[in-house]
Amino acid sequence: MSQAVCILGATGSIGQSTLKILQRHPEAYSVFAVTAQSRIEELVEICRQYRPKVAVVPAEKVDELSKRLQQHHLANIEILQDEAGLIAVAEHADVDIVMAAIVGAAGLLPTLAAVKAGKRVLLANKEALVMSGDIMMQAARDHGALLLPVDSEHNAIFQCLPQHYFEAERHGKPKLGVSQILLTASGGPFLNHSMQQLEEVTPAQACKHPNWSMGQKISVDSATLMNKGLELIEACHLFAVQEQFVTVVVHPQSIIHSMVQYVDGSTLAQMGNPDMGTPIAHALAWPERISTHVAPLDLFMHSQLNFQEPDMLRFPALKLARQAMQSGGIAPTILNAANEIAVAAFLNQQIRFTQIPQVVEHVLNQMDNQPAHDLDAILQADQMARGVSQQYVVSKGS
Ligand code: NAD
Ligand code: MG
């Protein structure tokens with residue numbers, strides 16, 4: 001029987017890659033719901049091609065979408081709006097699989113709704129987990145949700161971990177002989193830039209990743225290495241390990257997507273061409289495998305694989321993220337919120353590239369850390385951190 005998929009953030013880079021995989025397997029999956037924030041024409045095209053039952057957009061886009069769907073004789077597609085609409089499709093009884101591919105904190109409540117409804121949740125929206133780590137993982141256990149990593153590194157780690165890892169006790173040291181997680185990083189477009197060169201980089205340069213084609217926010221995060229910082233926190237939660245068990249390894253070719261080391265001296269790596277089609281297909285079908293458009297790896301084309309340590313002086317964001325994970329409480333939520341504001345300000349040319357980690361550090365220093373015992377504490381910390389970040393951006397802006 002075919003499984004019904006809800007794609008939160010269908011018009012984005014991950015959303016489109018997901019649709020591309022679903023298109024190959026029409027007998028196995030149907031598209032139940034798609035959501036978009038702005039690109040209505042792309043959403044209409046998706047509706048034409050995949051015939052979902054529901055589409056979700058912001059209230060101010062409902063009329064435009066409704067008109068365009070009528071023109072295409074697709075008036076039978078129900079339109080829901082705003083966050084309430086996102087939550088409704090994420091927890092809908094007819095949905096089997098939710099692809100959480102909204103970018104940033106906006107994805108938190110819909111992703112959590114899918115988890116609480118016990119869905120198979122394909123997690124691309126790492127910010128949601130960074131913000132709410134313990135709460136989201138506990139909700140997955142309480143409600144029997146299957147939280148599968150789509151982020152290529154975490155998907156690779158998942159593939160390299162022992163089969164029964166997740167049934168093993170979930171606290172403290174890694175279990176079942178696992179000694180270390182090696183989280184690989186491409187190093188982004190500015191891996192070999194000097195401090196001085198970093199001062200001058202533009203948003204267009206930051207968004208041009210050497211190996212991956214992605215949305216703007218994650219592209220900037222990859223360039224500052226904040227993406228790796230967020231992924232470090234993501235790994236700690238997904239795999240129930242403390243941050244000292246996660247080592248970041250810069251590997252510029254992006255062929256090895258991450259590794260797991262064992263106490264007997266083994267290191268297992270997952271390799272493949274850098275295309276999100278592979279982790280998306282893996283998370284969709286796990287424990288089975290389905291075909292994708294991704295070409296098999298030709299090792300003769302990649303005669304060199306290089307590895308180096310990350311440079312914390314030029315890329316302080318990674319250090320800030322590690323410290324936030326060590327501190328716990330609302331620190332990761334503050335880190336994420338400040339980073340979202342700083343990245344948006346950089347993309348708007350209000351601040352320089354090198355000021356992004358400065359905003360984050362400032363806000364982490366300004367706000368007191370507190371326990372993140374419930375969702376309200378997290379949402380409040382998120383709002384407050386955004387306010388403090390905005391003030392700082394305005395004071396520093398060029
Ligand atoms: P993107 O910018 O291309 O797409 C974002 C999607 O979210 C769009 O559909 C957009 O309409 C929607 N959206 C944006 N703001 C919203 C809001 N306020 N409310 C509701 N919907 C909103 O981003 P992307 O590159 O596809 O990344 C999506 C998520 O996946 C991010 O969390 C990113 O870190 C993660 N991720 C992406 C990649 C990648 O290769 N692109 C890889 C790993 C993880
Ligand atoms: Mg990644």
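Based on the Cα gyration tensor of region 215-320, what are the three equivalent ellipsoid semi-axes, each the root of five times an eigenvalue, rounded to whole Å and given largest first? If you can, show how the numbers build up before the last one.
Working: eigenvalues 113, 63, 58 Å².
Working through the eigenvalues yields semi-axes of 24, 18, 17 Å.
With every protein chain present, what is the per residue accessible area of the chain (1.4 Å probe, Å²)?
Details: 17510 Å² over 398 residues.
Per residue, the chain has an accessible area of 44 Å².
List the relative contact order of region 206-351 as a percent without decimals, with contacts defined as Cα pairs under 8 Å and 6+ residues apart. Show your work: numbers first, answer last.
On the way: 139 pairs, mean separation 39.0, N = 146.
Relative CO of region 206-351 lands at 27 percent.
Need one number: % antiparallel among DSSP beta bridges in the chain, to the nearest 5.
Numbers: 10 of 39 bridges.
Taking every DSSP beta bridge with both residues in the chain, the antiparallel ones total about 25 percent.
Just grab the label-to-label distance for Q138 and R289, each label 7 Å out from Cα along the Cβ direction, in nm (one decimal).
3.8 nm
For every other residue with a beta carbon closer than 11 angstrom to the beta carbon of P310, add +1 if it is Lys or Arg and -1 if Asp or Glu, then tell me the sum. Spell out each step's value before the answer.
Working: positive: K228, R314, K319, R322; negative: E309, D311.
My count for the surroundings of P310 gives +2.
According to the Kirkwood expression over distinct Cα-Cα pairs, how big is the hydrodynamic radius of region 185-262, in Å?
Details: mean 1/r = 0.0739 Å⁻¹.
Result for region 185-262 stands at 13.5 Å.
Give me the percent of the accessible area of the chain that comes from carbon and sulfur atoms, probe 1.4 Å, all protein chains in place. It would help to have the intermediate numbers written out before the result.
Values: 8620 of 17510 Å².
After summing per-atom areas, the C and S share lands at 49 percent.
Lysine pairs, Cα distance under 21 Å, 8 or more residues apart or cross-chain: how many in the chain?
So the count of such lysine pairs works out to 15.
Given 10 Å bins starting at zero, what is the percent of C-alpha pairs of region 273-398 in each, up to the one with the largest pair distance?
12, 29, 22, 25, 12, 0
Calculate the radius of gyration of the Cα atoms of the chain to one decimal place, then report Dmax, the largest Cα-Cα distance, as a whole number, both in Å.
20.4, 63
Binned at 10 Å from 0, what are the whole-percent values of the Cα-Cα distance distribution for region 1-87, short to long?
P(r) for region 1-87, in whole percents per bin: 19, 55, 24, 2.
Quick one: which of 52-58, 278-284 comes out on top by average Cβ neighbours within 10 Å, and what's the full order, highest first? Provide the component values of the computation, followed by the final result.
On the way: 52-58: 23.6, 278-284: 26.0.
Ranked by mean Cβ neighbours within 10 Å, highest first: 278-284, 52-58.
Go through L129, Y50, Q242 and say which Cα lies farthest out towards the positive end of the charge dipole of the chain; charges sit on Cβ, +1 for Lys and Arg, -1 for Asp and Glu.
In the chain, that residue is Y50.
FRET efficiency for S213 and Q350, Cβ-Cβ distance as r, R0 = 25 Å, nearest 0.05? Please report the intermediate quantities before stating the final value.
Numbers: r = 26 Å, r/R0 = 1.02.
Efficiency at R0 = 25 Å is approximately 0.45.
Compute the length gained on full extension between D96 and E41: take 0.36 nm times their separation in residues and subtract their Cα-Cα distance, giving the result in nm to one decimal. Display every interim value, and only then the final one.
Working: separation 55, 0.36 × 55 = 19.80 nm, distance 2.67 nm.
Gain on extension, D96 to E41, equals 17.1 nm.
For every other residue with a beta carbon closer than 14 angstrom to the beta carbon of I334, add +1 if it is Lys or Arg and -1 if Asp or Glu, then tell me the sum.
On the way: positive: R386; negative: E127, E340, E361, D368, D382.
Once all neighbours under 14 Å are counted, the net charge is -4.
May I ask you to compute the full-extension gain from L297 to H73, defined as 0.36 nm times their residue separation minus their alpha-carbon distance, rounded to one decimal in nm? Mind showing how you got there, number by number?
On the way: separation 224, 0.36 × 224 = 80.64 nm, distance 4.29 nm.
Result for the pair: 76.3 nm of gain on full extension.
The values are calculated or read from the model by the stated rules, or taken from the named source; none is laboratory data. Every value quoted in this text rests on a predicted model; they were computed, and no experiment measured them. With ideal geometry, Cβ positions are generated from the backbone for all residues, glycine too; neighbour counts draw on all protein chains shown. Only protein heavy atoms, including side chains, enter the accessible area calculation; ligands, DNA and RNA are left aside. Shrake-Rupley method; radii C 1.70, N 1.55, O 1.52, S 1.80 Å.
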